[in-house]
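Participant: Here's a structure for you.
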Amino acid sequence: MDINIEYWDYGKKTAYTCTWDDYCIDSWKKIIKYANKKDIKNSFFINNGYCEAGKFQSNNLITPETPVSSDDILFFKKIINEGHEIGGHTMYHEDCRDLTDTELEKDCLDWINTMENYNLIKKNQGLSFSYPFGVRPKKLDIIKKYFLGARAHGGGLNLKNPKNIYRLKTVNLGKRTYLQKLNNSLDEAILNEKILIIDGQGINNEGWNPIPENIIFNHFDYVFKKKDNVWITTMINIIKYTIQRNNLSLNWEINDKNIIIKFKKIKFNFDVIPITLSFNFKIKSCIQNNKIIPIENNYIRTSDFNHIIKIKL
Ligand SMILES: [Zn+2]
């Protein structure tokens, strides 16, 4: 008898996330409209310095420090409710390598405080990060202090258990992205069980190196078709699942027709997400802390790592 923590949600072969940087708000509204039809979750790494709404110009690195409009805040709140993610991209979009620790900390903290004031993020929810210009600082201490993981720009697919969760790689989107190549990267991710993180800014004419909308929407159609093999989620969920999976361990005992499963005690300092357990034998029912846990294809999901799980065989 064997009980395992699955690599990904409901035993999917790989994890996929589509991420967007900066502040291409007009593009993002169109992307969300299409993505929601296909249940594709997206992560948006907002740089709120740009905000006069992604109207960011040919030199998109101006930092006007304009407040985010109330319309945009409503849009972001709506998409968070729909399961999309808002992640960090700093307030001022400086090259992290040029900043002292104190300056980088201020850049991150100003972003966090602003987003908390807009009620777009909460304390201890767990945040992910995208390095401005895709470049990492020499030391990661400050990023590690405020974020659970981070991605750069480019590099391809990620190992299914990335060596360094602060060095996640991406497949980039842009004016010259071919649909076939993009879809092939998903097939390769499924075949080799590697994580695929897509990285863009805007669509059509908005932002730095935007991708034509027909390409990304066709790609979403393709991702949707593969959903039985792919956990389509946000970047923070991939990071959290990885951290949780690598730190949780199970033990269990069998008596009569029951199995009692316990997690080794561990406390995470962020809002946890459900992880999937699998069984190589048939299970009939499952209860944890007086709650019935649904069984799907002999998988169960839990986000409660303190109470024992009672399984009926
Ligand atoms: Zn950027």
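Participant: What tally of residues in the range 94-114 results from selecting those that are over 26 Å from Lys267 (Cα atoms) and crowded, with 16+ Cβ neighbours inside 10 Å?
Facilitator: 9
Participant: Taking the condition at pLDDT 80 or above, in a helix (DSSP H, G or I) and within 16 Å of the ligand (Cβ to nearest atom), does Trp20 pass?
Facilitator: Against the criterion (at pLDDT 80 or above, in a helix (DSSP H, G or I) and within 16 Å of the ligand (Cβ to nearest atom)), Trp20 does not qualify.
Participant: While we're on this one: Of the residues in the range 92-134, how many are more than 16 Å from the ligand (Cβ to nearest atom), under 22 Å from the mean Cα position of the chain (by Cα) and more than 18 Å from Val68 (Cβ to Cβ)?
Facilitator: The total comes to 4.
Participant: Moving on to the next point. Report yes if some residue within the range 151-172 is out of contact with any strand residue (DSSP E or B) (no Cβ under 6 Å at 6 or more places or on another chain) and closer than 30 Å to Leu313 by Cβ; otherwise report no.
Facilitator: No, every residue in the range 151-172 fails to be out of contact with any strand residue (DSSP E or B) (no Cβ under 6 Å at 6 or more places or on another chain) and closer than 30 Å to Leu313 by Cβ.
Participant: When you check Ser58 against the structure, is it more than 16 Å from the ligand (Cβ to nearest atom), modelled with pLDDT under 95 and farther than 20 Å from Asn124 by Cα, yes or no?
Facilitator: No: the conditions fail for Ser58.
Participant: Here's another thing I want to ask about it. Go through the range 137-154 and count every residue that is within 16 Å of the ligand (Cβ to nearest atom) and either crowded, with 16+ Cβ neighbours inside 10 Å or under 20 Å from Asn247 (Cβ atoms) (or both).
Facilitator: Matching residues across the range 137-154 total 6.
Participant: Moving on to the next point. Check off (1) of a type in the set (A, V, I, L, M); (2) in contact with a helix residue (DSSP H, G or I) (Cβ under 7 Å, 6 or more places away or on another chain); (3) buried (at least 22 other Cβ atoms within 10 Å of the Cβ) for Ala189 and give me the number that stays unchecked.
Facilitator: Ala189 satisfies every listed condition except (2).
Participant: Tell me, please, whether a residue that is in a loop (DSSP other than H, G, I, E, B), of a type outside the set (A, V, I, L, M, F, W, C), surrounded by 15 or more Cβ atoms within 10 Å (Cβ to Cβ) and modelled with pLDDT of 95 or more can be found in the range 250-266.
Facilitator: No: the range 250-266 contains no residue that is in a loop (DSSP other than H, G, I, E, B), of a type outside the set (A, V, I, L, M, F, W, C), surrounded by 15 or more Cβ atoms within 10 Å (Cβ to Cβ) and modelled with pLDDT of 95 or more.
Participant: Next up: I'm told Leu277 meets every condition in (1) within 22 Å of the chain's Cα centre (by Cα); (2) over 19 Å from Lys12 (Cα atoms); (3) in a strand (DSSP E or B) except one. Can you identify the failing condition by its number?
Facilitator: (2)
Participant: For the range 219-229, check the following and say yes or no: at least one residue is closer than 22 Å to Met1 by Cα and crowded, with 16+ Cβ neighbours inside 10 Å.
Facilitator: no
The values are calculated or read from the model by the stated rules, or taken from the named source; none is laboratory data. Quick caveat: nothing in here was measured; it's all calculated off a predicted structure. Ideal geometry is used to build each Cβ from the backbone, glycine not excepted, and the neighbour counts take in all protein chains shown.
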